[in-house]
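Asks: Got a structure here, written out as structure tokens. Questions coming.
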Amino acid sequence: MYIEGASLYASSHDKLMLWINILTIAAFIILNSVLIYFIIRYRKRSDNDITSPIAGSTILEIVWTVIPSLVLVWLYIWGSIVFIKMRTIPTGENVVDITVTAQQWAWSFAYPSSFRKNPEKPTVLKSNNILYLEEGRPFKLVMSSTDVIHSFFIPSFRIKEDVVPGMYTYTTFTPLISASQKGKGRAEYNIFCTEYCGKDHSGMLGKAIVLSPAKFQEQMEKIETEAGNISSGRGREIFEGNCKSCHSIDGSRLVGPSFKGLWKKDRKFTDGSSAQADENYIRNSVIEPAKQVVEGYPAAMPVQSYGDSEIQSIIEYIKSLSSLK
Ligand SMILES: [Cu+2]
């Protein structure tokens, strides 16, 4: 399956990869055709068929040593050029540093404080599982993990890098809006964790959203102004971004229970205890999901790293889904 490239160096990467494939397939076909031909041509035809004396050919030896060596050296040089290009962090004021934190089983992204408009309120500009990027601007991601080894992978950008506890690794790219999504000023690409990191590794997904410069600016402002806000609207946005894959709002059962009618409902847990779904319960369910596991469901919810205003917004949203207030 071919995934359309969407970063500055994706096309150089793809061209190199294409030639590596062409050359290895060609080598395979040539070698095996000759092998099969010789097996048939020089097979033993009768019991007294004896091999004729074999004389070496210096010219042949030189040809089949020198030509493949030159091809491999060429691939090595070309590969190094592309690799160095892809790994070099661009310099200049334009570069945006983003801190990436991986945790079983979610990503969180912190943007530079220089994007803040309001110096009075030192807000941390943060998003969970959704990485906002500006089209055509170089980015550097400094990454670390709070638990096990993860690996950050955006196939469309042709980047992949391990995220390790106790140290920082980096990746760099200049995102683009790919041809098929041009014109909308916005494009979405998948983020995967590509290092097996435990039970819900396969659910450790995110989205890289590439925006036009104006829309990116708007998004940063939105994150800043909303940082302290509590509203069910914000709760709904968090839900749409990070909870919808496992929780429905129409009563249907997904990986986890539906939020429909959850507010003030009595909950039973696998350890036999019970509680009412109030503010405290929802807060704990979000930050420590493994503590009270709802009966009949697996303990499959990833820990969510949200601040107070986000959790309160989620509570408001869950409240708004119920007629009880
Ligand atoms: Cu992971």
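Asks: Being within 16 Å of the ligand (Cβ to nearest atom) and touching a residue at least 40 places away in the same chain (Cβ under 8 Å) narrows it down to one residue among TRP105, TRP78; which is it?
Replies: Values: TRP78 fails: within 16 Å of the ligand (Cβ to nearest atom).
Answer to the selection: TRP105.
Asks: Which residue pairs have Cβ atoms under 8 Å apart, sit 6 or more places apart or on different chains, and have a first residue in the range 186-209 that is assigned by TED's automatic domain parsing to the domain that holds PHE153 and within 9 Å of the ligand (Cβ to nearest atom) and a second that is of a type in the set (Gly, Ala, Ser) and part of a loop (DSSP other than H, G, I, E, B)?
Replies: Here the result reads ASP200/ALA300, each pair linking the range 186-209 to a residue that is of a type in the set (Gly, Ala, Ser) and part of a loop (DSSP other than H, G, I, E, B).
Asks: With respect to the numbered conditions (1) under 30 Å from PRO213 (Cβ atoms); (2) not in a helix (DSSP H, G or I), which one is the sole condition not fulfilled by ALA55?
Replies: (1)
Asks: A further question on this structure: With the requirement that a residue be surrounded by 17 or more Cβ atoms within 10 Å (Cβ to Cβ) and either away from the ligand (no atom under 12 Å from the Cβ) or under 16 Å from ILE209 (Cα atoms) (or both), what does the range 131-143 give you? Write out each step before concluding.
Replies: Step one: filter the range 131-143 for residues surrounded by 17 or more Cβ atoms within 10 Å (Cβ to Cβ), giving 131-135, 138-139, 141, 143.
Listed by number, the residues that qualify are LEU131, TYR132, LEU133, GLU134, GLU135, PRO138, PHE139, LEU141.
Asks: I would also like to ask the following. Please determine, by comparing only the residues of the range 169-184 that are hydroxyl-bearing (Ser, Thr, Tyr), in contact (Cβ under 8 Å) with a residue 40 or more places away in the chain and not in a loop (DSSP other than H, G, I, E, B), which one is nearest to the ligand (Cβ to nearest atom).
Replies: Result: TYR170.
Asks: Continuing with the same structure: I'm checking my understanding of the structure. Among residues of the range 95-118 that are in a strand (DSSP E or B) and among the small types (Gly, Ala, Ser), which one is surrounded by the most Cβ atoms within 10 Å (Cβ to Cβ)?
Replies: ALA102
Asks: Please go through the range 194-240 and pick out each residue that is more than 14 Å from the chain's Cα centre (by Cα) and within 19 Å of GLN104 (Cα to Cα).
Replies: If the condition is that a residue be more than 14 Å from the chain's Cα centre (by Cα) and within 19 Å of GLN104 (Cα to Cα), then GLY198, LYS199, ASP200, ILE238, PHE239 are the ones that fit.
Asks: Can you spot a residue in the range 267-287 that is surrounded by fewer than 19 Cβ atoms within 10 Å (Cβ to Cβ), modelled with pLDDT under 90 and not assigned by TED's automatic domain parsing to the domain that holds LYS126?
Replies: Within the range 267-287, one or more residues are surrounded by fewer than 19 Cβ atoms within 10 Å (Cβ to Cβ), modelled with pLDDT under 90 and not assigned by TED's automatic domain parsing to the domain that holds LYS126.
Asks: Select from the range 157-168 the residues that are under 20 Å from THR88 (Cβ atoms) and not aliphatic (A, V, I, L, M) and write down the one among them that is farthest from the ligand (Cβ to nearest atom).
Replies: It comes out as ARG158.
Asks: Looking at the range 185-205, which of the residues that are of a type in the set (Gly, Ala, Ser) and either touching a helix residue (DSSP H, G or I) at 6+ places or on another chain (Cβ under 9 Å) or in a loop (DSSP other than H, G, I, E, B) (or both) is modelled with the highest pLDDT? Steps first, please.
Replies: Initially, the range 185-205 is screened for residues of a type in the set (Gly, Ala, Ser), giving 185, 187, 198, 202-203.
Restricting the remaining residues to those that are either touching a helix residue (DSSP H, G or I) at 6+ places or on another chain (Cβ under 9 Å) or in a loop (DSSP other than H, G, I, E, B) (or both) gives 185, 187, 198.
Values: GLY185: 80, ALA187: 91, GLY198: 88.
Once the filter is applied, the top-ranked residue is ALA187.
Asks: Of a type in the set (Lys, Arg), in the same structural domain as GLN104 (by TED's automatic domain parsing) and touching a Leu at 6+ places or on another chain (Cβ under 9 Å): is that true of ARG158 in this structure? Even if it seems obvious, please write down each step before you answer.
Replies: Numbers: of a type in the set (Lys, Arg): yes; in the same structural domain as GLN104 (by TED's automatic domain parsing): yes; touching a Leu at 6+ places or on another chain (Cβ under 9 Å): no.
So ARG158 does not fit the description; no.
The values are calculated or read from the model by the stated rules, or taken from the named source; none is laboratory data. Predicted model, so just to flag it, every value in this text is computed and none were measured. When we count neighbours, we look across all protein chains shown, and the Cβ atoms used for this are built from the backbone with ideal geometry, even at glycine.
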